[in-house]
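Here's the structure we're looking at; comments come further down.
The values are calculated or read from the model by the stated rules, or taken from the named source; none is laboratory data. Because the structure is a prediction, the values reported are computed rather than measured. Cβ: placed from backbone, ideal geometry, glycine included. Neighbour counts: every protein chain shown. Note: areas computed on protein heavy atoms with side chains; ligands, DNA, RNA excluded. Shrake-Rupley method; radii C 1.70, N 1.55, O 1.52, S 1.80 Å.
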Amino acid sequence: MIVLGLSGAVNHDASAALLIDGEIVAAAEEERFIRDKHAKGRQPVEAARFCLAQAGIRPEQVDAIAYPYAPISLFSSPARWHYAARHWYAPDRALVALFAGNRRFTRNRRRALAMLGELGFANAGARFVPVEHHLAHASSAYHLSGFDGKVAILGIDGRGEYATTFFGYGQAGRIHKLAEFYEPDSLGGLYGAITEYLGFEMLDGEFKVMGMAPYGDPDRYDLSRLLRCDGRRLRVNNRLVNVVGLRRYKRAGKGYFFSPKLVDWLGPPRQGDAIDEPYIHYAAAVQKLLEDTVLRLVQTHLGPVLAEGGQLAYAGGVALNVKLNQRLLALPDVRRLFVQPAAGDAGTALGAATYVAAAAGDAIQPLRHVYLGPSYSTDECLAACAVHPARPAFRRLDDTLTTAADILAAGHPLAWLQGRMEFGPRALGNRSILGNPASPGIAERINAQIKYRERWRPFCPSVSDRVAADIIGTDHPAPFMTFTFDVAPHWKPRIPEVVHEDGTARVQIVSADTNPRYYALLDAVAARTGVPVLLNTSLNRRGEPMVCSPKDALDMFFGCDLEYLIMEDVLVTKTAP
């Protein structure tokens, strides 16, 4: 069966994914092609076009279009009733939920069908199959985890149609729902509202709050009044956060997802990058509140399943909170944890496609890597250099790994474009800026001169599987940078530039079978430095999507202070080396 999954119904992070007989052959995010971060309000036209071209598939060969957004019944689900009751103060929204509660689905389906017509699907015969948003998240984790037997499933994000949180289990290829929470009772929404209060953009800056948190004292301020949780139920205080309409705090014509009452309580919202106090403590407190609440709910709703099978599959935007994931992995009954690397809404294209394919009887192949996007040959990289208006100095390399390792061992950052682009928010060695983690000040240099990021944002290590267990003290798989681990004391002074303020690191364990060239580069660097570890951050500047093509890489290269760029077997500098 051939299934094309499309996301974009929630107006951000549009993406496409293509499955053939249960195997992912292509997946990509729209932002990478149109160069607009998160592709807000866009449909995945170019991403879908790429997926079809990558597989050599014509529209008439596609059996189903899987769409991660579905109509929600007023009679078989409490979702719309709950939404209306909790939004009594905004009667227009409450009434719409009750009497026109699927109008967003109708509008989104119309937009998706129009896009499919543009791609040649108008008379192709593919079925359009809506999948509930949180079932798509659940499928993206469960069906791609590779776990056997009974598997606990957790999904937490801002919202889908109405649901915000999903507890369930998977068994024999089928997903079973145990419990759900509905808007405005959303932990993702609460964390996003505080993200806005702390001066960042919701749906983009949550990981910045997570990075800020270790610099603060989580016990300095008590934020528990933001929610009530007895372990089974969750009720967010929507007089403070997750607010709509007239309850929103407004400034300069913009409405926020927190209220003036929150400002009365905590003080004025943070503005600018320079202010720390008291906001670092608020970041620490909301991070602790999120972690404590999720662990309590998981133990209640999923405890029996975990006690039976010890396996947890997790997706949704909150699953990108790696500090929370570290605590989930430490639960006594969790032996194995799989976090979908494209855990946010882009990953629902994968999730919807796997859900539809599994329902049709296809055996879904586990996710071994996320190198699912476009690739470019050395000749294409040379051609891009030849026509770029910045007139770069470039030459073809005879021994790419030797040149790259020499640059890194000398303490220079290196832009690195190789193979197929990653799917999801993490650069995993194919669209990366690399550095020597033992080189003093390299993290600060990359932040200040290249990435233009906040000073407290951590960098992550790519680690050879030969030494990973010694560095992080466990042999649990970690190929996708979805967990933090405590770094072993004897490694901290060897790789100081990738150890965060709290002594942890968000590790990518690299293996030869999934990325042989990157693995060989780690070996080449180790031969020079004695350390088979690289600082790895995404190849982009602040506010831009990750680089996709050689042209994108050159544009980025000439827009910052990078000195070296290697694209496949091409070395690029700004002056002749």
Query raised in the report: Can we say Ala53 is free of Cβ contacts under 8 Å to residues at least 24 places away in the same chain and within 30 Å of Leu554 (Cβ to Cβ)?
Result: yes
**Report entry** Single residue of Arg327, Arg336 found to be of a type in the set (Lys, Arg) and either at positive phi or touching a helix residue (DSSP H, G or I) at 6+ places or on another chain (Cβ under 6 Å) (or both)
**Finding:** Arg327
Report summary line: Of the listed residues (Leu203, Leu198, Leu226), the one being touching a His at 6+ places or on another chain (Cβ under 7 Å) and either within 18 Å of Gly317 (Cα to Cα) or open to solvent by less than 10 Å² (accessible area, probe 1.4 Å) (or both) is Leu203
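For segment 491-577, which fully contained strands (runs of 3 or more DSSP E) count at least 2 residues that are under 24 Å from the mean Cα position of the chain (by Cα)?
It comes to 504-506, 508-510, 533-538.
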Query - Only listed residue being open to solvent by 20 Å² or more (accessible area, probe 1.4 Å) and closer than 10 Å to Gly316 by Cβ, chosen from Gly149, Gly158 - result: Gly158
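Pro332 - would you say it is part of a loop (DSSP other than H, G, I, E, B) and either of a type in the set (Phe, Trp, Tyr) or closer than 21 Å to Lys37 by Cβ (or both)?
Answer is no for this residue.
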Query raised in the report: Is it the case that Gln449 is in contact (Cβ under 8 Å) with a residue 60 or more places away in the chain and within 27 Å of Phe483 (Cα to Cα)?
Result: no
Report summary line: Exception for Glu308 within (1) open to solvent by 10 Å² or more (accessible area, probe 1.4 Å); (2) free of Cβ contacts under 8 Å to residues at least 60 places away in the same chain; (3) not polar (S, T, N, Q) falls at (2)
Query - Top-ranked residue in segment 117-146 [being on the phi < 0 side of the Ramachandran plot and open to solvent by 40 Å² or more (accessible area, probe 1.4 Å); ranked as modelled with the lowest pLDDT] - result: Asn123
Report summary line: Here the residues within segment 249-275 that are surrounded by 15 or more Cβ atoms within 10 Å (Cβ to Cβ), among the charged types (D, E, K, R) and part of a loop (DSSP other than H, G, I, E, B) are Arg270
Report summary line: Selection from segment 482-511 of residues crowded, with 23+ Cβ neighbours inside 10 Å and touching a Leu at 6+ places or on another chain (Cβ under 7 Å) yields Phe483, Val498, Gln508, Val510
Query raised in the report: For segment 161-190, how many residues meet the condition of being open to solvent by 10 Å² or more (accessible area, probe 1.4 Å) and either closer than 20 Å to His143 by Cα or of a type in the set (Ser, Thr, Tyr) (or both)?
Result: 13
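Yes or no, residue by residue, for (1) more than 23 Å from the chain's Cα centre (by Cα); (2) modelled with pLDDT of 95 or more; (3) closer than 27 Å to Tyr89 by Cβ:
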{"residue": "Lys208", "(1), (2), (3)": "no, no, no"}
{"residue": "Asp219", "(1), (2), (3)": "yes, yes, no"}
{"residue": "Arg232", "(1), (2), (3)": "yes, yes, yes"}
{"residue": "Arg235", "(1), (2), (3)": "yes, yes, yes"}
{"residue": "Asn242", "(1), (2), (3)": "no, yes, yes"}
{"residue": "Ser259", "(1), (2), (3)": "yes, yes, yes"}
{"residue": "Leu266", "(1), (2), (3)": "yes, yes, yes"}
{"residue": "His281", "(1), (2), (3)": "yes, yes, no"}
Query raised in the report: Where residues in segment 440-473 are in contact with a helix residue (DSSP H, G or I) (Cβ under 9 Å, 6 or more places away or on another chain) and open to solvent by 50 Å² or more (accessible area, probe 1.4 Å), which of them is nearest to Asp204 (Cα to Cα)?
Result: Arg455
**Report entry** Residue, nearest to the chain's Cα centre (by Cα), within segment 67-95, restricted to residues that are within 30 Å of Leu18 (Cβ to Cβ) and of a type outside the set (Gly, Ala, Ser)
**Finding:** Pro68
Report task. Have a look at Val334, Val318 and point out the one that is open to solvent by less than 20 Å² (accessible area, probe 1.4 Å), touching a Gly at 6+ places or on another chain (Cβ under 9 Å) and under 30 Å from Gln43 (Cβ atoms). Result -> Val318
**Report entry** Filtered residues of segment 164-210 (kept if assigned to a strand (DSSP E or B) and more than 25 Å from Ala307 (Cβ to Cβ))
**Finding:** Thr164, Tyr182
Query - Cross-chain or 6+ apart pairs with Cβ under 7 Å, segment 174-191 first and in contact (Cβ under 8 Å) with a residue 12 or more places away in the chain and more than 16 Å from Tyr314 (Cα to Cα), then assigned to a strand (DSSP E or B) and open to solvent by 30 Å² or more (accessible area, probe 1.4 Å) - result: Asp185/Arg235
**Report entry** Close pairs from segment 464-491: first free of Cβ contacts under 8 Å to residues at least 60 places away in the same chain, partner aliphatic (A, V, I, L, M) and open to solvent by 50 Å² or more (accessible area, probe 1.4 Å), Cβ under 6 Å, at least 6 apart
**Finding:** Asp475/Ala469
Report task. Quick one: count up the residues across segment 547-572 that are within 20 Å of Ser462 (Cβ to Cβ), open to solvent by 10 Å² or more (accessible area, probe 1.4 Å) and of a type in the set (A, V, I, L, M, F, W, C). Result -> 0
Report task. Kindly indicate whether Val298 is farther than 25 Å from Glu454 by Cα, assigned to a helix (DSSP H, G or I), hydrophobic (A, V, I, L, M, F, W, C) and touching a residue at least 40 places away in the same chain (Cβ under 8 Å). Result -> yes
